[in-house]
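Every number here is computed from the coordinates shown, using simple stated rules; none is lab data. This structure is a prediction, so every number in the text was calculated from the model and none was measured. Methodologically, a virtual Cβ is constructed for each residue, glycine included, from the backbone with ideal geometry; neighbour enumeration extends over all protein chains shown.
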């Protein structure tokens, strides 16, 4: 019985010694082993054997990258504004022994070091620079922390400013400033839009005025050409009418009695009208009566003998009004019409005064007209009228 008790005690001691001797360290961890309160060795990840009741695993250090967020801290900027800044630190333990024996609490030490370094950096810049230069602040803060924590066996990988909160009054002022900037930009864009609109409107009006002026000019030119062509055709028509009248007179062979009778027939038309209160008898009425009675003689300028030659004047082909008339052709046609009219008048005068025996004086040519052609030989006087 006593032997069984002794065996049980031995087995129990063996189990206790085995448990004290075997240590399992997780992955990405490191165990600090002390012997009688002094550092002896560092256990790596996995199964480790230590001396039971002599060696002791004092700390298990996490070797992974750790993230620590610090609460907001008040910081004064260069322009004497108090802002609250909260930071995030990314660090990793590279030396477990230094992290254990060089610093009592490396997380608290990093927090305090971060706050002091951040106050130093922010105190040298203004609020606007702090809001717009976060990358520069992060780089400066990381450099200072990495240098200070290197002897602690800690490497600072990254530092981020999570938030920069200015006072409420500064926020209100900033909002007003941003609102004013937005209103300013909106006003500038509106003004530029109106300017572009006015410029385009003015350009359109300018083009419209130019096109209108060109249209008016073309219309005036066409109207002037039409008036010129109309006057040329009217002059040609009047010349042809004069030639036709003179030719008809020559072809009809009028005598003194007929012309006097026609003259007397025109007297009632002269007196027509309700407003005619006084009728002035022309002085030539006596001559007309003399011609009608054949008692005094013949009227001057009217041939008494109608048996003379009848000369027909050719006034050319009619002019087509639809054909375009240029300046040179219009002037040539007008000159030809004047020449034809002058020739017809000379022929009529020559036929009207056969008894003179001397050709009638030629009319002086107008400016731009060709000189008159040679006069036809005078017509011999006929027998006097009985």
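Write down Rg/Rh for segment 65-166, rounded to two decimals, with Rg from the C-alpha atoms and Rh from the Kirkwood relation over Cα pairs. Radius of gyration over Kirkwood radius for segment 65-166 works out to 1.00. How many percent of the alpha carbon pairs in segment 132-263 exceed a separation of 27 Å? It works out to 72 percent of all Cα pairs.
Each peptide in 79-92, 217-230 receives the mean, over its residues, of other Cβ atoms within 10 Å, and ordering these scores from highest gives 79-92, 217-230.
Using the Cα atoms as the points, what is the convex hull volume per residue of segment 1-113 in Å³? Each residue corresponds to 136 Å³ of Cα convex hull volume. Given R0 = 56 Å, the distance between the Cβ atoms of residue 13 and residue 182 translates into a calculated FRET efficiency of 0.10.
What the Cα atoms of segment 2-62 give is an Rg and a Dmax of 14.6, 49 Å. Pair-distance distribution P(r) for segment 81-128, from all Cα-Cα distances in 5 Å bins starting at 0: 4, 16, 24, 18, 14, 10, 7, 5, 1 percent. The label-point distance for residue 63 and residue 80, in a model that sets each label 7 Å from Cα toward Cβ, rounds to 5.4 nm.
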